[in-house]
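Undergrad: Quick one: structure below, then a few questions.
Read the figures in this text as sums done on the coordinates, not as results from a lab. The structure presented is a predicted model; accordingly, all values stated were derived computationally and were not measured. Neighbour counts run over all protein chains shown; Cβ positions are idealised from the backbone, glycine included.
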Amino acid sequence: MTQREEFISRIAQKLGRPTPTSVEPVEVSFPLFRLNSQEERVEEFLKMYEIMGGNGAKARTTEEAVSVLKNWFGEKPDWLNNQSIVTWDELPTMARACLEELKWTAYTYSELPSNPEERNPIMDKMELGITGADYAIVQSGSLILKSSPKRGRAVSLIPTRHLTFVAASTILDSLDQAMEKLASSDVPAAIEIISGPSRTSDIEMDLSIGVHGPVEVYTIVMLDQ
Amino acid sequence: MSLSNHYDVNEALDKALKDDFLRMATRRATDRLRNGRINITNELGNWEEWREAGEKIRNHVVENLDYYLNQLIENVEKNGGHVHLAKTPEDAVKITQEIFKKHGYKLVVKSKSMITEEIHLNPVLEEDGIEVVESDLAEYIIQIAKEPPSHIIVPAMHKNRDQIAELFEPIAGHPLESDTPTLTKFAREQMREKFLSTKIGITGCNFAVADTGTVTMVTNEGNGRMVSTLPDVQITMMGMERIVPSFKELSVMLNLLARSATGQRLSVYTTMTTPPKRDGDIDGPKEWHLVILDHNRTEILGDEDFRSSLRCIRCGACFNVCPVYRQVGGHAYGSVYSGPIGIVITPLLEQDYKRWGHLPYFSSLCASCSEACPVRIPLHDLIVKHRDRMVVKGYTSGLEKKIFKYYGHYFSNPKTLRSFIKLGSKFQFLLMKNGRITKGPAPLSNWTNSKTLPPIASPIFNDIWPNLQKELQENKGGEKE
């Protein structure tokens, strides 16, 4: 008997039966949070996103998105330099167009050195990370980001600010819907569900924003053109 | 599972009760967590239906644990991860030491893991010459203070800001203001350097998903993401019961966990990793070890009285409503897991009533814990069961046994009972002051040292009962007319 077989068989023995070869899935029911229309989802998501401490806005065109970004960061942000923005390699067209329009220099994650010892110190100085989200969740004001070779995980984590673009059509009511979608496709190395900026209440229960992850988070909801 | 070799329950309680800041801070934190939970669970609609779903899912997993463990192990190995099964805490520590030995790493950054507390990993790694850095802000604070967690969700709730600033100052090398932004910023800067340079990370696991080989971790600070993203090698530690069948059940459990633990709709970061990194991925660990700990959980599984305690998702909701925990905080318990769930699982994990027999008495049996539990563990019933078992197995003190023996003997006979009460009512004046019993002999003194008792009535009820009965009869007769 291998160590694993021994480990498992002890459990079976305590349960007083042999290990089953298949198990009927458990059926549960609970009240579902559901909205009626996509317009309502967009509005309610933006509301909840702000409650969670994020800055959210919607944009139908690149022009509108650029004006939102200027509104958030100013015409020329004081943190902006040639090495202050890093983006996913795979980015929504609108996000890429905004950067061009604004003439903000940005690195894609794969353009940085492949050796973490060189890459990490550069990432540490980045002021803004730009990504695109797969889904958003109204009920909790969350964004869901799946990793891939073109969607590096550190881009949404290490820079001081995180900006993400999410299509209005991908906004879901609640986590159960998102999980159903995630389960129906290949599971990547990481799925991050992010709800607001990094925070802690570890010092005298006093809320403090920005511990290890991004201090400021921004989302642009891309409306259908 | 002791925190230091010396533990005396009375000393520990005295210390806690005399610590005004600790008691204020514990009340403040538990009030806030409890109220947050109540508000955010109300928002969900029918919370009882959610609890029922949570109970059902966790029961299902516990009852089919061998099946789901098999499935989890197969999927983790299929993805390219390494599974290590640890029967005892010593096994888990040894497995971890071996991984460090293989790579020769001298620095490790950890995110919060109660399992590593349970197996006492840090001191062993430090003895091996490895620098161990806790990255959760609260864990970092208590690591510097060399103290164990006082709460499973907010482990440093017993420390005030001035104490924290004092702990940070020697590391900073200069005086620090004790406002929250300054202290948080200091921790962020300290930790950044460690995150960016460590080659290995250790994390906990809130839920492992059997049908994908995914481990899920919830954090608010982002340290869990750092530790599972940046190092080359990652070790995940989990108790063997921390499984859900699939993403579908995970969504229910995440709602229950975040809402019950901190009153959040979801934690800021819910990190679902299925390591190791895929071909072409730029970041993420390329080597992943999943350590699955038994530590007598199998024994609990086989014990039908206590099996339900394996449903626990470690949200800490039971701590925040417990009148005993709220008065004395976590350290007074002397165990790694405190609060009502700690009372239930510690004697079982350790299979030791001799050392942990004081715990089932850290409860008023008010049942608030059972009511708060998101997976409906009947905690107060289990605490009573512990007491019952200790009596049956003969773990109670000689004095207690004697008292109950005499109590049973004399109080089951009306004649002797009456004469004892009479005797008491006659001589109790020796112990009385201002109409209350104020100083009793041992073991009554345990009560009268801090509180008073009402005196036995004089004359005693049994003596006036014949007269009362007569009066009653006369009154009844009067009514009839």
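Undergrad: Give the percent of DSSP beta bridges with both residues in the protein assembly as shown that are antiparallel, rounded to the nearest 5.
TA: Numbers: 26 of 74 bridges.
If I count the DSSP bridges inside the protein assembly as shown, around 35 percent turn out antiparallel.
Undergrad: Which of A:LEU128, A:PHE165, A:THR2 sits closest to the plus end of the dipole of chain A, meaning its Cα is farthest towards the positive end, when Lys and Arg get +1 and Asp and Glu get -1 on the C-beta?
TA: Toward the positive end, the furthest listed residue is A:THR2.
Undergrad: Helix A:3-15 sits at what angle to the longest principal axis of chain A, using alpha carbons and giving 0 to 90 degrees rounded to 10?
TA: The two axes meet at around 70 degrees.
Undergrad: Per-residue ellipticity at 222 nm for the protein assembly as shown, helices alone: DSSP H runs ≥ 4 residues times -39500 (n - 2.57), over residue total, nearest 500 deg cm²/dmol?
TA: Values: 29 runs with 325 residues, N = 706.
Roughly -14000 deg cm²/dmol at 222 nm, from the helical runs in the protein assembly as shown.
Undergrad: No solvent, one uniform scatterer per C-alpha: report log10 I(q)/I(0) for the protein assembly as shown via the Debye equation at q = 0.05, 0.08, 0.09 1/Å, two decimals.
TA: The calculated log intensity ratios at q = 0.05, 0.08, 0.09 Å⁻¹ are -0.29, -0.67, -0.82.
Undergrad: To the nearest whole number, what is the average tally of beta carbon atoms from other chains within 10 Å of the beta carbons of peptide B:180-193?
TA: Details: counts 8, 5, 0, 5, 11, 3, 0, 6, 8, 0, 0, 2, 4, 2.
Mean inter-chain Cβ contacts per residue within 10 Å come to 4.
Undergrad: Using the basic label-point model (7 angstrom from Cα toward the beta carbon), what is the B:MET432 to B:ASN475 distance in nanometres?
TA: Using points 7 Å along Cα→Cβ, the separation is 2.6 nm.
Undergrad: Peptides B:421-432, A:138-149: what's the order by average Cβ count within 10 Å, highest mean first?
TA: Numbers: B:421-432: 13.8, A:138-149: 23.7.
Most protected by this proxy first, the peptides run A:138-149, B:421-432.
Undergrad: Another question, if that's okay. Which translational diffusion coefficient, to the nearest whole µm²/s, is obtained for the stretch B:89-234 from the Stokes-Einstein equation, given a Kirkwood hydrodynamic radius over C-alpha pairs, 37 °C and 0.692 mPa s? Walk me through the intermediate numbers first.
TA: Details: Rh = 16.1 Å.
D, rounded to a whole number, is 204 µm²/s.
Undergrad: Using a Cα-Cα cut-off of under 19 Å, which aspartates and glutamates could be cross-linked to B:LYS426, ignoring same-chain neighbours fewer than 8 residues away?
TA: B:ASP463
Undergrad: Take the alpha carbon atoms of the stretch A:63-84, find their center, do the same for the stretch B:353-379, and report the distance between the two centers in whole angstrom.
TA: So the two Cα centres are separated by 55 Å.
Undergrad: Name the shape class, rounded, prolate or oblate, that the alpha-carbon gyration tensor gives for the stretch A:50-93, where a ≥ b ≥ c are the square roots of its eigenvalues, rounded holds for a/c under 1.5, and otherwise prolate holds if a/b is larger than b/c and oblate otherwise.
TA: Details: a/c = 1.35, a/b = 1.19, b/c = 1.14.
Judged from the Cα gyration tensor, the stretch A:50-93 comes out rounded (a/c under 1.5).
Undergrad: Related question: Distance between Cα centroids, the stretch B:313-340 to the stretch B:68-94: provide it in whole Å.
TA: 30
Undergrad: Sequence neighbours fewer than 8 away in the same chain don't count; with that in mind, list the lysines whose C-alpha is under 18 Å from B:LYS451.
TA: Within the straight-line limit of under 18 Å, B:LYS451 reaches these lysines: B:LYS18, B:LYS433, B:LYS439.
Undergrad: Might you list the cysteines of chain B that have no disulfide-compatible partner by the rule of another cysteine's Cβ under 4.7 Å?
TA: If one checks each Cβ against the other cysteines of chain B, B:CYS205, B:CYS312, B:CYS315, B:CYS322, B:CYS366, B:CYS373 turn up with nothing under 4.7 Å.
Undergrad: Using the per-residue mean of other Cβ atoms lying within 10 Å as a proxy for protection, in what order, highest first, do the peptides B:235-244, B:451-460 fall?
TA: Values: B:235-244: 24.9, B:451-460: 13.0.
Per-residue Cβ counts within 10 Å, averaged per peptide and sorted highest first, yield B:235-244, B:451-460.
Undergrad: Among B:SER412, B:PRO441, B:SER425, whose Cα lies farthest out toward the positive end of the dipole of the stretch B:399-480, if unit charges sit on the beta carbon of Lys, Arg (+1) and Asp, Glu (-1)?
TA: Of the listed residues, the answer is B:PRO441.
Undergrad: Expressed in whole Å with the largest first, what are the equivalent ellipsoid semi-axes of chain A derived from the C-alpha gyration tensor as the square root of 5 times each eigenvalue? Can you show the working numbers first?
TA: Details: eigenvalues 275, 113, 63 Å².
Largest first, chain A gives 37, 24, 18 Å.
Undergrad: In whole angstrom, note down how far apart the Cα centers of the stretch B:215-235 and the stretch A:85-152 are.
TA: Taking the Cα centre of the stretch A:85-152 as reference, the centre of the stretch B:215-235 is 19 Å away.
Undergrad: How well do other chains shield peptide B:83-89, expressed as the mean number of their Cβ atoms within 10 Å of each residue Cβ? Mind showing how you got there, number by number?
TA: On the way: counts 1, 1, 6, 1, 4, 0, 0.
If you average over the peptide's residues, the count of other-chain Cβ atoms is 2.
Undergrad: What nm distance separates the two modelled labels at B:LEU417 and B:ILE464, each placed 7 Å from Cα along Cα→Cβ?
TA: If labels sit at B:LEU417 and B:ILE464, their model points lie 1.9 nm apart.
Undergrad: Also, quick follow-up: Over the whole of B:26-33, what's the average partner chain Cβ count within 10 Å per residue? Rounded to a whole number, please.
TA: Values: counts 0, 0, 2, 3, 1, 1, 2, 2.
The per-residue average across the peptide is 1.
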